[in-house]
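Trainee: Provided herewith is a single structure, encoded as C-alpha cells, for subsequent inquiry.
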2 protein chains.
Amino acid sequence: MERKNFLRCLLFIFGAVLLLIFTVYNLPNELSNNPELLECTTNSPWCISKNRILGKKPNFLHQPTTTLGHDHTADVPHHPLDPLTIQEMNKVHKVIKSLYKDTVYSVHSLVLEEPDKEVVLKWKKGDDLPPRKASVIARASGKSYIFTVDIETGEVVQQDTSQFSGYPYVTLEDMQAVVWAPFSRSDFNRSIIARGVDPKNAACLPFSSGWFGEAEEGRRIVKLECFNTEGTANFYMRPIEGIIVIVDLDTNEVLEIVDKGKHIPIPKAAGTDYRLSAENSPVFKLPNPVSMEQPNGPNFVIENEHLVKWANWEFHLKPDPRAGVMISRARVRDSETGKMRNVMYKGFSSELFVPYMDPEEAWYFKTYMDAGEYGFGLQSLALDPLNDCPRNAQYMDAIFAAADGTPYVRSNMICLFERYSGDAAWRHTESPIVGEEIREARPKVSLVARMVASLANYDYVIDWEFQADGLIHVKVSLTGIVIVKGTSYVNMNQVNGEELYGTLLSENIIGVVHDHYVNFYLDMDIDGIDNSFVNVHLQREYTNGKSPRKSYMKVNKEVAKTEKEAQIKLSLYNPSEFHVVNPNKKTKVGNPVGYKVVPAGTAASLLDPEDPPQKRSAFTNNQIWVTQYNKSEQWSGGLFAYQSHGEDTLQVWSDRDRPIENRDIVLWYTLGFHHVPCQEDFPMMPTVSAGFDLKPVNFFERNPVLRVAPYVEKELPVCKAAASA
Amino acid sequence: MERKNFLRCLLFIFGAVLLLIFTVYNLPNELSNNPELLECTTNSPWCISKNRILGKKPNFLHQPTTTLGHDHTADVPHHPLDPLTIQEMNKVHKVIKSLYKDTVYSVHSLVLEEPDKEVVLKWKKGDDLPPRKASVIARASGKSYIFTVDIETGEVVQQDTSQFSGYPYVTLEDMQAVVWAPFSRSDFNRSIIARGVDPKNAACLPFSSGWFGEAEEGRRIVKLECFNTEGTANFYMRPIEGIIVIVDLDTNEVLEIVDKGKHIPIPKAAGTDYRLSAENSPVFKLPNPVSMEQPNGPNFVIENEHLVKWANWEFHLKPDPRAGVMISRARVRDSETGKMRNVMYKGFSSELFVPYMDPEEAWYFKTYMDAGEYGFGLQSLALDPLNDCPRNAQYMDAIFAAADGTPYVRSNMICLFERYSGDAAWRHTESPIVGEEIREARPKVSLVARMVASLANYDYVIDWEFQADGLIHVKVSLTGIVIVKGTSYVNMNQVNGEELYGTLLSENIIGVVHDHYVNFYLDMDIDGIDNSFVNVHLQREYTNGKSPRKSYMKVNKEVAKTEKEAQIKLSLYNPSEFHVVNPNKKTKVGNPVGYKVVPAGTAASLLDPEDPPQKRSAFTNNQIWVTQYNKSEQWSGGLFAYQSHGEDTLQVWSDRDRPIENRDIVLWYTLGFHHVPCQEDFPMMPTVSAGFDLKPVNFFERNPVLRVAPYVEKELPVCKAAASA
C-alpha cells in the first residue's frame, strides 16, 4: 500500500514536471487581450489555430477562409439553437467556478441547453431569443453532475444522475494526463526496454475499457496501449503487443499492467510514415489537376454564422462536442407554393460502435463507442483546405470548452461547399423513332456540410448532403489508419490453423477484423410534428390464372402503432420501403406527404445480443428504429456511455413500446460496415464510404427540379492552368 | 382474309408514302463523298450528327469535342479488340449483300468477332493483328442467322441457330417501320378518335411482348401502346390507356387490337413538357455555377482511339450495340514493381430486366430485357456536353450498322472524364494528445467512362469509374420518364380498396410499381486466367468463457468448387465477402492476390421462379454467380432474348455445375432496384443511383495511393467568372 502511494506521488511529480516543461515551452509571446479565451498556438494543443486575418472578407479565389473572418470573442447568439458564445461560456465558467469553489472539478460537456421544441418552432426572426441556458456535465469528488445554468440569472438546476451506470466521455485533458501514467512504473519501463524500445520513444494511448463486469465498475478506468514512435509518425504500425496498462482516470493511478506477448517482435513497418514530409518513395502525381471551381463564390449564405440558406434549403448548422455536426430545422421550399416546409427538426450522428473481433486479453475490450466515450466532435480537428474539402469550400469554427470550463476556438472544424461531380440531376433523350430530336439534361449540384473526426487511428468523414430535389444524403466515410496487432508471423505459410483474428498485412502485423456502426438521430417533422411511420411492404402476389403472368409484386402499407412495430431488421427477400408521413396532410391527389429513409451501408452485428458490448450498443440490433420524441433521448448508446451497462439505450427506450402513430416521432438509422482488413489498408486505409438517403416521397406535388436550368458554356468559369502547373 | 390482305397492302402503301416523304424531306444537300457511310443529318435519325470540324485538335477550354476529330472513314484497327471500322463494315456489307442476293434481309448485329482470349493475351503492340472477323446476326425469309465473316478473305462460316427459341434484338428500322402499323386499321383510328385523339397527334411505340406461351411463339411480334402527343414532348404522360396493338415485326401486319379502358380519360398532364424550350414556369437557377475544371486537359490519353491510359490504369474501351460500353483488358500498374497486372479481361452490362407489376391485359407483358430485346448500345444516343458529362470530358463515337449493313456514326456516345468530387482518397489527423500536429489528406481523382441508354421513356446511365487505389466502381443511374398508366381516378379518396398496382401521381395518372435489374458480365483474370472464387464467410463464434467477451465475428474462407456453390444469395445476417483470387500467386506475406466484389444496390426479384418472365431473366435469381469461362456465354438472358423461353440463360449455364476452382472464371453481378413511383418522379424522375465495387484485396502489397501528391494552391487552375455569369 505504501509502495503504491509512493509511486502515485512519483507519478504526480513526474506529471507536474512535464506540465511545467510544456507550459514554459509554450509560453505566450505576449499577454492575451482576452484572458478568458484559451489562445490557440499557446495554451492548448486541441485548440487549433490558423493564420487568419481578423475581419478580412472572404476571398474565394485565393485562399480558403472561414465564413467568419473574426476571432469570435464578440459573437452574440441570433437563433434559439445557436451554440454558446465565448461570452456566454465565460459566464457559465464563472458559475461553475463559484459552484465548486476549491474542489477540483472537470467540465466534460458545456453546450447550449436547447429550448423546448415548441419554443423553437414558435420563434421567428426578430423575436427576442428564449432564455439562454447552458447544459453542463461535470465531475467533482468522484461524482458526475448534470446541471443547467441560466446564463442571464446564473441560476443552476441540477439533475439526478444516479440512474446512470456509466460516466461522461473523457476529456482531452483526461487523455493528455493519463498517457504519462505507464512511465511512472519501473516494471513497465523495464518491459518495454527489454523489447528494445527506449521509453522516450514510446507513446501510450488511452483506449476506453468498455464494461464487462465488476472489473469495470466503481471507478473510471482506461486501458493504455503503447507504440514505438522511433523515426515515424505512423507509430500505430509498431504496437508493443500484449502490454495493457490499466489506469484510474480520476487519479491517474496505474491499477494493473498486463504484460503478455513478450515473444512478439515490434514490427519494423518500414516505409509506413504517410506524411508528405517523410516521403521515402516517389510521389504519384497526376500532372493536370482537376478542380471544383466557383470563382463567383458560393450560392449559399450563412446568416448569423449558423443559418445556412442554399437553393431551396434552409437549415441551422452547428458544431457539437459530442455529435460533431448538428443539423436543425431543415426546411425546404415547396416548388409549387414557394413556402418553406419542415422536413427534419434535428439530425446528428448519435453514437458509434466499433467492436474488434479478437477475444484475447489485449484486444477483447476494444468495443468503442466513439461519441459517448470520446466525444465525436471533440475529436474533429481542423480540416485541410484543398484536400479535405474542395477549393470552393467555406469553413466554420467551433467554440468548445476546456476541462476547466474555459472556451477555446476549434478552427475550420466544418466545411460547407457546393458539389458538382459531373452527374445529372435528371436527363432524357427521346428515341429517334419518335421523330423529334430531344436531348435534355440538367447538372446535379448539391450542398455538403462535412466534418472529420479522428478517433486516434481512424478518421470518420461525416457528410450531410442536400440536393435541390429534396433529398438529404448522409454519408460516412472511413479512412485513416487501421489499428494493428503485433504477431511473430511474417508469412501465412507459418500459420498452422492458429486463429489470427484478422489478416496478415505485413511482416509481424495483423489487421484485426472489426465492425463500424454509426447511428443517426433523425427527428423528422414532415410538415408538422405529428407524423407516422409506414412500412410499405413489397410482397409476391399470385394472379391465379387471371393473367398470363403467374405473379407480381404488390405493395401493402402498414402503419406502425407502437415502437416495437418499428424495430426494423432489413431483409433483401422480404423488402419494404420505410416512410415517415404526415397523416394529417395530403397532396392534391390524396397521398400523405412524407419522406422515406433509403437504407444502404447495411451490416448487422454478429455479436450475441447478451454480450456486454452488444447490450451497450444495442442500437445495432436493428437498422431502423422509431421512438416517441423525448427531449432526453438523444444518445442511442446512453448519455453516460463510458463504462455503461447498457440500461440507457435506444433498445431500452424502444422496448417501452410507446405509441408512435400520428405523434412526434424520431427515426434512427444505423449504418454498418464489416471490415476484414486487407493489405491495401496498410499502412493507410483508402477511403470507404456508405450513406443512406432521406428522400421525399409524395412530399412535393411533382419533381421539384423539373425547371432547373442547364449549364451553358458562356456562364461557366473561365480558367487557365496555373503558371506552376 | 381478303380484307386483311387489302389492309396489309394499304399499310405498305402508307409506309412507302411516309418513307418517300421522309426521304425527300431529308434529301442530302450535296452528294456524299462516301456513299457507303450513312450521312448524319440526312439519311438516318439514329445516326447522330454534331457540328464537328474535321481534323480539329481538341480544345479543352472552349468547347467539348470528341477525342477523335475526324470523320472515321479512314479509321484502321490497331488492337485485336478494336471495333469494326467503317471500311471493314463495308466489306462485310458487300459479303452480306452477295450472300442474300435478292432476298430481303435485315442485319440485327454486325460487330467484331473477337479473337480467342489466348490470341488477344499473346498479342503485343507492334505485332500484326490477328485475322479480323465480323460476327453477323441477320434475318431473312423469317429465319435468324448467325455467321462469321473473315474480312480479308470474305469467307463465311455459319452457325446453327436451331437451339434458340427467341429472336435477335429488334432493329431501329423494325421499330421505325412498325410504329405506323396501327394507323392502317380503321377500328384503331375510330377508337382513338372516340377518345378525343386526332390520329395525327397519336404516337405509338413498340414494346417487346415477352413470352408467356403459344401466343408469343412462331413469329416475331411486338405490342404497340399509343400516346397523345398534342402540344407536348412528354407524350408518355398521356397514354391512350388499354389499347394494345399486336403487330408482326417481319410483315408489319396488325395481328390483334386489344381495346379496353374506354372509360379511362387521357390525362391532361398539364405542364409536364420537360424541355427547356417549353418552359412554362420559372427556371430554378443557382447564379454562381460550380464547375469541374481542368484547363491543362486530361491526364488520360486514348491511344489509337480505344486504348485508355490514365494514372496507373490501362484498358480498352469500345462502344457495342448490344452492351453499350465494353471494357476489356483492364490492367493496373503495380505500385511496388511498376509492372502492369491483369485485373479484368472483359466487363460489360450483359442484360437488363424491368418487370412491371400489373397483371392486367395492357400491362402484364411489360417485362423488358433491354439489352437483348432492344440493344442497350443501339439505344445510347449522343451525350449532352456540359450536362450529361462535365466540361472536362472527352467523347468517343460509335460505328454501328444499319439494318441493311451500312455503317453509320453515332457521335459522342461515350464520354470519358476525370472526376474530383471534393472527397479524399485518404486522410488522417493525428490526435493532439500525441503532441505532434499531423494533418495529411489527399484528393480523390478518378476516371469515369459513361454512356446513357434511353429505352423509350427510361434513361440508364452506366458509369465505369476507375480509381488510382485499384478500385473499379460500376454505377447504374436511373432517370428519364416513368411510364404511366391512365386511370379514371383523380384523388385517392375515390379509391375503395381497388388495387392500383402503383401510385396515383397526378390526376388520371398512375405510376406502376416495377423493378430494374442490370446484370454485369465480369471476366476477372487476376494476374492470369486461372482464378478461384472464395466465400469469405463471417460467422458468430462463442468464446465459451475464455474471454470476458461472449462472442466475436470469425472469418471462414470457402473456395467454391463448382458453379452451383457460387450461386450467391446475399444475406445481411449471414454475411460474406466474395473474393476472386489467383490461388497460384501470393503476396510477400503469403495472401493469395485477389479482387472482391462489394455488393450494393441489391434487390431480389419477388416473381415466382417459374413465372415466364422470371425464367427468361433468371439471372436475377442470385446477386452473384460465377461460371466457367465460355466464349459463347456472354448474354445472361440469352443470345436471342426476344420472345425467348429462357433456355439459354445464366441460370441454365450455371446449373451445369462445371468446376470453377483454379480455372478461367467469369463473375456475374446483378444490381437491382425496386421502384414504387412517387409524385416526385412525375413527370421526370430525379436520378437514382446504385453501384458495386470491384476492389483489390491483397492484390497490392500495400496501399497503392500512399504516395499520391496532395493539392497545392499554386498548382490549381486560375479561374474567373464568365462575363455573362
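Trainee: Taking a ≥ b ≥ c as the square roots of the Cα gyration tensor eigenvalues, with a/c under 1.5 meaning rounded and otherwise prolate when a/b beats b/c, else oblate, which class fits the range A:524-592? List each step's numbers first, then the result.
Mentor: Values: a/c = 3.47, a/b = 1.66, b/c = 2.08.
Oblate, because a/c is 1.5 or more while a/b does not exceed b/c.
Trainee: Can I ask one more? Using alpha-carbon positions, what is the distance between the centroids of the range B:243-288 and the range A:511-542, in Å?
Mentor: One Cα centre to the other: 35 Å.
Trainee: So, one more: Please list, ordered by chain and number, the residues whose modelled amide H lies under 5 Å from the amide H of B:ILE221; skip anything fewer than 5 residues away on the same chain.
Mentor: Long-range HN contacts for B:ILE221: B:LEU249.
Trainee: Then there is this: Could you give me the radius of gyration and the Dmax of the protein assembly as shown, taking only the C-alpha atoms into account and expressing both in angstrom?
Mentor: Gyration radius and largest Cα-Cα distance of the protein assembly as shown: 32.9, 118 Å.
Trainee: Then there's this: Taking each label point as 7 Å beyond Cα in the direction of the beta carbon, state the distances from B:LEU570 to the same residue in the other copies, shortest first, in nm.
Mentor: Spelled out, the distances from B:LEU570's label point are 0.8 nm.
Trainee: Could I ask something else about it? In deg cm²/dmol and to the nearest 500, what is the mean residue ellipticity at 222 nm of the protein assembly as shown if only DSSP H runs of at least 4 residues count, each as -39500 (n - 2.57), divided by the residue total?
Mentor: Values: 16 runs with 153 residues, N = 1450.
Calculated at 222 nm, the ellipticity per residue is -3000 deg cm²/dmol.
Trainee: Specify which residue in the list A:TYR408, A:GLY672, A:MET553 is farthest towards the positive end of the charge dipole of the range A:301-715, using unit charges on the beta carbon of Lys, Arg (+1) and Asp, Glu (-1), about the Cα centre.
Mentor: Toward the positive end, the furthest listed residue is A:MET553.
Trainee: Can I ask one more? Amide H to amide H, which residues 5 or more places from A:THR406 or on other chains are under 5 Å from it, using H placed in the peptide plane?
Mentor: none
Trainee: Sticking with this structure for a sec: For the range A:352-419 and the range B:353-432, write down the distance between their C-alpha centroids in whole Å.
Mentor: Result: 39 Å between the Cα centres.
Trainee: Using the structure shown, select from B:LYS444/B:LYS586; A:LYS143/A:LYS318; A:LYS339/A:LYS475; B:LYS117/B:LYS318; B:LYS91/B:LYS117 the pairs with a Cα to Cα distance greater than 20 angstrom. Can you show the working numbers first?
Mentor: Working: B:LYS444/B:LYS586 28 Å; A:LYS143/A:LYS318 30 Å; A:LYS339/A:LYS475 28 Å; B:LYS117/B:LYS318 17 Å; B:LYS91/B:LYS117 25 Å.
Flagged as over cut-off: B:LYS444/B:LYS586; A:LYS143/A:LYS318; A:LYS339/A:LYS475; B:LYS91/B:LYS117.
Trainee: Taking each label point as 7 Å beyond Cα in the direction of the beta carbon, state the distances from B:ASN304 to the same residue in the other copies, shortest first, in nm.
Mentor: Its label point is 6.7 nm from the equivalent points in the other copies.
Trainee: Does the range A:301-715 classify as rounded, prolate or oblate by the C-alpha gyration tensor (a ≥ b ≥ c root eigenvalues; a/c under 1.5 gives rounded; else a/b over b/c gives prolate, otherwise oblate)? Walk me through the numbers on the way to the answer.
Mentor: Numbers: a/c = 1.44, a/b = 1.32, b/c = 1.10.
Verdict is rounded for the range A:301-715.
Trainee: According to the square roots a ≥ b ≥ c of the eigenvalues of the Cα gyration tensor, what is the shape class of the range B:348-452, taking rounded for a/c under 1.5, prolate for a/b larger than b/c otherwise, and oblate for the remainder?
Mentor: Details: a/c = 4.22, a/b = 1.87, b/c = 2.26.
Oblate is the answer for the range B:348-452, as a/c is 1.5 or above yet b/c matches or exceeds a/b.
Trainee: Please list, in order along the range B:532-547, the HN-Hα scalar couplings obtained from phi with the Karplus expression 6.51 cos²θ - 1.76 cosθ + 1.60 (θ = phi - 60°), rounded to whole Hz, x for Gly and Pro.
Mentor: 10, 10, 10, 8, 8, 8, 9, 9, 6, 10, 9, 8, 6, x, 7, 8
Trainee: In sequence order, what are the phi-derived ³J(HN,Hα) couplings for the range A:94-101 according to the Karplus relation 6.51 cos²θ - 1.76 cosθ + 1.60 with θ = phi - 60°, rounded to whole Hz, with x for glycine and proline?
Mentor: Those phi angles translate into 5, 4, 4, 4, 6, 5, 8, 6 Hz.
Trainee: Could you give the distance between the Cα centres of the range A:135-171 and the range B:590-665, to the whole Å?
Mentor: The range A:135-171 and the range B:590-665 have Cα centres separated by 60 Å.
Trainee: Under a 5 Å amide H to amide H cut-off, with H placed in plane at 1.01 Å, what residues pair with A:PHE682 once short-range neighbours are removed?
Mentor: B:ASN703
Trainee: Sticking with this one: Could you list log10 I(q)/I(0) for the range B:144-210 at q = 0.13, 0.27 Å⁻¹, which the Debye formula gives when each Cα is one point scatterer?
Mentor: These q points yield log10 I(q)/I(0) values of -0.61, -1.14.
Trainee: Among B:TYR521, B:ASN544, B:SER506, pick out the residue whose Cα is farthest towards the positive end of the charge dipole of the range B:497-568, where Lys and Arg carry +1 and Asp and Glu carry -1 on C-beta, about the Cα centre.
Mentor: Final value for the positive-end residue is B:ASN544.
Trainee: Could you please report the charge total around A:TYR573, scoring K, R as +1 and D, E as -1 over all other residues with beta-carbon less than 11 angstrom from its beta-carbon?
Mentor: It works out to a net charge of +2.
Trainee: Taking θ = phi - 60°, what integer Hz values does the Karplus form 6.51 cos²θ - 1.76 cosθ + 1.60 yield along the range A:710-723, in sequence order, with x for Gly and Pro?
Mentor: Going residue by residue, I get x, 6, 10, 3, 6, 9, 7, x, 9, 10, 9, 5, 5, 4 Hz, with x marking Gly and Pro.
Trainee: Which whole-number percent gives the relative contact order of chain A, counting Cα pairs below 8 Å spaced six or more residues apart? Please report the intermediate quantities before stating the final value.
Mentor: Details: 1623 pairs, mean separation 94.9, N = 725.
Here the relative contact order equals 13 percent.
Trainee: Also: At B:LYS143, with labels set 7 Å past Cα in the Cβ direction, how many nm apart are the copies from this one, shortest first?
Mentor: 9.8
Trainee: So how tilted is helix B:2-25 from the main axis of chain B? Cα-based, degrees 0 to 90, rounded to 10.
Mentor: That works out to roughly 60 degrees.
Trainee: Please report A:TYR274, B:TYR100, A:TYR711 as a ranked list, fewest other C-beta atoms within 10 angstrom at the top and most at the bottom.
Mentor: Values: A:TYR274 24, B:TYR100 17, A:TYR711 20.
Result, fewest neighbours first: B:TYR100, A:TYR711, A:TYR274.
Trainee: Let me ask another. Which ordering of A:VAL666, A:VAL708, A:VAL283 is given by a fewest-first count of other beta-carbon atoms within 10 Å?
Mentor: Numbers: A:VAL666 26, A:VAL708 22, A:VAL283 11.
Fewest-to-most Cβ neighbours within 10 Å comes out as A:VAL283, A:VAL708, A:VAL666.
Values in this text are rule-based calculations from the coordinates and carry no lab data. As the structure is a prediction and not an experimental result, all values here were calculated from the model. Cβ atoms come from the backbone with ideal geometry, glycine included; neighbour counts cover every protein chain shown.
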